[in-house]
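Here, each number is a calculation from the coordinates, and none is a lab measurement. Small disclaimer: the values here were computed from a predicted structure and weren't measured. Here Cβ is always computed from backbone atoms with ideal geometry, including for glycine, and neighbour counts include all displayed protein chains.
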Amino acid sequence: MMDEIDKKIVELLQDNSRISITDIGKLINLSRPSVSERIARLVEKGILAKFTTYVPAHMVGHQVSFFMEISDLKVSCDKIVNILLSNEYVTEVHCVTGSTNYIARASMPSIEMMNEFLSELMKYSQVVTSIILHSPLAYRPIKPL
């Protein structure tokens with residue numbers, strides 16, 4: 001699906017999504033138009049889904065980050081997912097196998113806000129929460145195979 005040049009472009013963009021097309025071209029020995037064309041093709045194929053920046057939650061005022069294991073649903077899966085997606089502080093939602101239905105991650109400005117949100121969620125499911133104390137690895141780009 002991707003050749004070695006495409007893989008290198010993906011790696012460079014994951015390391016720094018602000019890298020210029022000119023700089024990519026210099027690093028991989030390819031013309032600017034060729035790099036642009038390849039990036040457009042990677043976007044079209046869905047390999048590059050978005051260009052974003054990683055922001056550590058604590059650097060923007062979020063004092064508590066946590067994972068939620070959500071199980072024993074008392075309402076439909078859609079209802080739980082809608083509750084999670086409607087909260088702007090929820091950053092990840094995953095439907096998983098095993099005894100847990102969903103694992104979600106959130107970062108909130110305060111413990112009080114976390115408790116309010118969890119109280120609402122617990123009306124519809126069982127929730128086990130794990131507060132993140134520190135993250136030796138918070139994010140690692142996926143290297144193409």
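Could you tell me the calculated FRET efficiency between Val96 and Ser130, based on Cβ-Cβ distance and R0 = 22 angstrom, to the nearest 0.05?
Computed FRET efficiency for Val96 and Ser130: 0.95.
Let me know the charge dipole size of the stretch 1-116 about its Cα centre in debye, to the nearest 20, where only the beta-carbon of Lys, Arg (+1) and Asp, Glu (-1) is charged.
Dipole about the Cα centre, nearest 20: 400 debye.
Hey, what do the phi angles of the stretch 120-132 turn into as Karplus ³J(HN,Hα) couplings, whole Hz, using 6.51/-1.76/1.60 and θ = phi - 60°, x for Gly and Pro?
With the stated coefficients, the stretch 120-132 comes to 5, 5, 5, 5, 10, 6, 8, 10, 10, 10, 10, 6, 7 Hz.
Place a label point 7 angstrom from the Cα of Ser17 along the Cα-to-Cβ direction, then list the residues of the stretch 67-92 whose backbone nitrogen is under 15 Å away.
91-92
Compute the signed sum of charges (Lys and Arg +1, Asp and Glu -1) over the other residues within less than 12 Å, Cβ to Cβ, of Tyr89.
Neighbour charge sum, excluding Tyr89 itself: -2.
Mind jotting down the three principal axis lengths of the stretch 1-45 based on Cα atoms? Whole angstrom, largest first.
23, 20, 17
How charged is the neighbourhood of Glu44? Take every other residue with its Cβ under 14 Å from the Cβ of Glu44, and add Lys/Arg as +1 and Asp/Glu as -1.
It works out to a net charge of +2.
For the stretch 41-136, with equal point scatterers placed on the C-alpha atoms only and solvent neglected, what are the log10 I(q)/I(0) values from the Debye formula at q = 0.14, 0.18, 0.19, 0.22 1/Å, to two decimals?
-0.59, -0.87, -0.94, -1.12
Taking the highest mean first, how do the peptides 133-141, 11-19, 63-71 order by number of other beta carbon atoms within 10 angstrom per residue?
Going by the mean number of other Cβ atoms within 10 Å, highest first, we get 63-71, 11-19, 133-141.
Could you work out [θ]222 nm for the chain from helices alone, using -39500 (n - 2.57) per DSSP H run of at least four and dividing by all its residues? Round to the nearest 500 deg cm²/dmol.
-11500 deg cm²/dmol
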